[in-house]
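The values are calculated or read from the model by the stated rules, or taken from the named source; none is laboratory data. As the structure is a prediction and not an experimental result, all values here were calculated from the model. Don't worry about glycine lacking a Cβ; one is built from the backbone with ideal geometry, like all the others, and counts go over all protein chains shown. These area figures cover heavy atoms from the full protein model, side chains too; ligands, DNA and RNA do not enter into them. Shrake-Rupley method; radii C 1.70, N 1.55, O 1.52, S 1.80 Å.
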Amino acid sequence: MSLGEWIQKGWYKGSPWLVPLRPLSLLVSMEASRRLRRFRKVRSDAPVPVLVVGNITVGGTGKTPLVIALVKAAQARGLSVVVVSRGYGGKTNQYPVTVCEQSAALEVGDEPVLIARRTGAPVILDPDRYNALQVAIRDYQPDLVISDDGLQHYALPRTAEVVVVDGQRGLGNGRCLPEGPLREPASRLKEVDFVISTGGGWSGAHPMVMRPDSVESLQGGHRLSPQDFLRSHPQVHAVAGIGNPKRFFNLLNILGLNITPHVFADHHAYQPADLAFSDGLPVLMTEKDAVKCRAFAEPHWWFLPVEADLPDGLLDQMLDRALGKD
């Protein structure tokens, strides 16, 4: 177990060894609250509608499938959409960068490439999200900008905020960093426009379920329904380098697969040796992992795309709020 995994386990188990860190956590909480008050006081109007999809915890909560669903819903309305992002996990230090479907995930990050491939929308990377917004407006004149993460990046003006929480893990011990997993106090959830819960119920939140699509070969050209894949490959190596690998493994168990799980760090930069299992069984991974493994994929490597399944009309409600139409 890595140091990061050990710390996260402590956050979600309520480990008492974290208590001495409380003074630092209180400072983080106070500073986060101060920054939010300042943002509310001096906030400027967004030059175009900006919808921020973020979270208040460290680690993945399922934002990317929701961003993809929102982009597709906006495009179905005939809207021009640009996504802005930090691009975690990439190696580039030349910003801003515009990501397209052919971009290398190891250079610009797995999630931006995944969004670009699934939606065809341009994705602009810059740690300074305000600068990314200016580039989006200058180069694309979009009807809507969606920020993948960036809830706490208060230099970025916004017209609506959506927070995604992990309904299974929750907010851990409810403390801010470093004692707990929170970037901001839990009270921040009361101030956003929508709270979305993945993988479990959450009071006051709208549920989002990850619905599996057809299983696809990394080498392309071959798709199987989950049922057909199960009949052909009942036992697999399951690979996940995401914020909450357990969510992916649980989904595979629900589908009836007998899995040998392999957990990697979020945004892990895969090498062929990482997936060189000696028994010849198929390897099944997340789509986010697949974008980094295509260049050296083997014939028996597969990935499982998922779609964000939300209550009827909710995507339109979020878009209307961002566009100022509700």
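Apolar share of the accessible surface for the range 242-283: 57 percent from carbon plus sulfur atoms, 1.4 Å probe. Mean separation of Cα pairs under 8 Å and 6+ residues apart, divided by the residue count of the chain: what relative contact order is that in percent? In percent, rounded to a whole number, it is 21. Please report the carbon-and-sulfur percent of the accessible area for the range 143-184; probe 1.4 Å, protein heavy atoms only, DNA, RNA and ligands left out. Ligands and nucleic acids excluded, carbon and sulfur give 47 percent.
When only Cα pairs below 8 angstrom with a gap of at least 6 residues are kept, the range 153-305 shows a relative contact order of 20 percent. Using only side-chain charges placed at the Cβ, +1 for Lys and Arg and -1 for Asp and Glu, the dipole size of the range 84-167 relative to its Cα centre rounds to 120 debye.
Averaged per residue, the range 1-137 has 47 square angstrom of accessible surface, using a 1.4 angstrom probe with ligands and nucleic acids left out. Normalised per residue, the accessible area of the range 255-321 is 43 Å², obtained with a 1.4 Å probe and no contribution from ligands, DNA or RNA. Summary of packing: across the peptides 37-46, 179-188, the per-residue average of other C-beta atoms within 10 Å ranks them, highest first, as 179-188, 37-46. Farthest towards the positive end of the charge dipole of the range 102-176, among the residues GLY167, ALA132, ALA155, is the Cα of GLY167, using unit charges on the Cβ of Lys, Arg, Asp and Glu. Using the average count of surrounding beta-carbon atoms within 10 Å as a protection proxy, the listed peptides 283-293, 310-320 rank, highest first, as 283-293, 310-320. Rounded to the nearest 20, the size of the Cβ-charge dipole of the range 234-326 about its Cα centre is 220 debye, with Lys and Arg at +1 and Asp and Glu at -1.
If you roll a 1.4 Å probe over the range 1-116 with all protein chains in place, what percent of the accessible area is carbon or sulfur? C and S fraction of accessible area: 57 percent.
Distance between the C-alpha centres of the range 143-165 and the range 83-133: 16 Å, rounded to the whole angstrom.
Placing +1 on the Cβ of every Lys and Arg and -1 on the Cβ of every Asp and Glu, with nothing else charged, gives the chain a dipole about its Cα centre of roughly 1060 debye.
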